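The values are calculated or read from the model by the stated rules, or taken from the named source; none is laboratory data. These figures come from a predicted structure and were not determined experimentally. Reconstructed Cβ throughout: ideal geometry from the backbone, glycine too, with neighbour counts over all protein chains shown.
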Amino acid sequence: MADPNLFRKARFLTSAPGLHQCPPETGCEVAFAGRSNAGKSSAINTLTRNGKLARTSKTPGRTQLINFFALGDDQLRLVDLPGYGYAKVPLATKQQWQQNLAQYLQGRQTLRGLVLLMDIRHPLQTYDTTMLNWAVEGNMPVHLLLTKADKLSRGASQSTLNQVRQHLKKARVHELVTAQTFSSHNGEGLEELESVIQGWLEPEDQPSAPDASNSP
């Protein structure tokens, strides 16, 4: 079972306009990406139990930098990537965002997994598929977070989840890409999200420290 206390330790670390301004490549990190109206910042705040950690706004597209949050020390990090596909910004700015996203996903050695958020009512849009392809090409594990599940009935929510999973299986990426429903409003799916991220940040097969009590 995941340890929620790990995520309660989250604190803002730094913001970077591009790959070269990111923190040193030590430790490991999990990134959050999604359309500007997918509820990305809200999901991070729900995960960390800190409603003010990631900036939320009624105006999509406010996250224009790569924002890093440390979990305890600086060696475990959550990363809030710029939202894409919706923000009312100049085309040149959107293109720069896309370039930064691609460089980060393909070049960041400390990245262990990508949480890709999408509104459960509008899953697998063009930009979502582009992000998914970038990650799969780099053999990067992806966890699809179908947000705003509270907007649908339980039956409709489960049906959409099943359709997404069937799409992944048909595309033959289901071993690398998983999916779940999620709601920042009522906390649905929070424990599953915690478990996935902690599994990436702290793999179970990591060697544990020797028990001093058993020393001769």
Answer with yes or no whether Leu53 is of a type in the set (A, V, I, L, M) and either at pLDDT below 85 or part of a loop (DSSP other than H, G, I, E, B) (or both). yes
For Ile120, the lone unmet condition from (1) in contact with a Ser or Thr (Cβ under 9 Å, 6 or more places away or on another chain); (2) of a type in the set (A, V, I, L, M); (3) surrounded by fewer than 22 Cβ atoms within 10 Å (Cβ to Cβ) is (3)
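Just the residues that are in a loop (DSSP other than H, G, I, E, B) and without any contact (Cβ under 8 Å) to a residue 40 or more places away in the chain, please, taken from segment 1-46. It would help to see each step written out before you state the result.
Taking segment 1-46 as the starting set, the residues that turn out to be in a loop (DSSP other than H, G, I, E, B) are 1-3, 9, 17-18, 22-27, 36-39.
Result: Pro24, single match.
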So for segment 58-78 (the condition being surrounded by 16 or more Cβ atoms within 10 Å (Cβ to Cβ), at pLDDT 85 or above, over 15 Å from the mean Cα position of the chain (by Cα) and more than 22 Å from Glu25 (Cα to Cα)), does at least one residue qualify? no
Selection from segment 1-47 of residues of a type in the set (S, T, N, Q) and closer than 20 Å to Ala135 by Cβ yields Ser36
May I ask you to list the residues in segment 176-200 that are in contact with a helix residue (DSSP H, G or I) (Cβ under 9 Å, 6 or more places away or on another chain) and either of a type in the set (Val, Ile, Thr) or without any contact (Cβ under 8 Å) to a residue 60 or more places away in the chain (or both)? Leu176, Val177, Thr178, Ala179, Gln180, Thr181, Ser183, His185, Asn186, Glu188, Gly189, Ile197
Just checking, does segment 143-155 include any residue being farther than 18 Å from Gly113 by Cβ, in contact (Cβ under 8 Å) with a residue 12 or more places away in the chain and surrounded by fewer than 13 Cβ atoms within 10 Å (Cβ to Cβ)? no
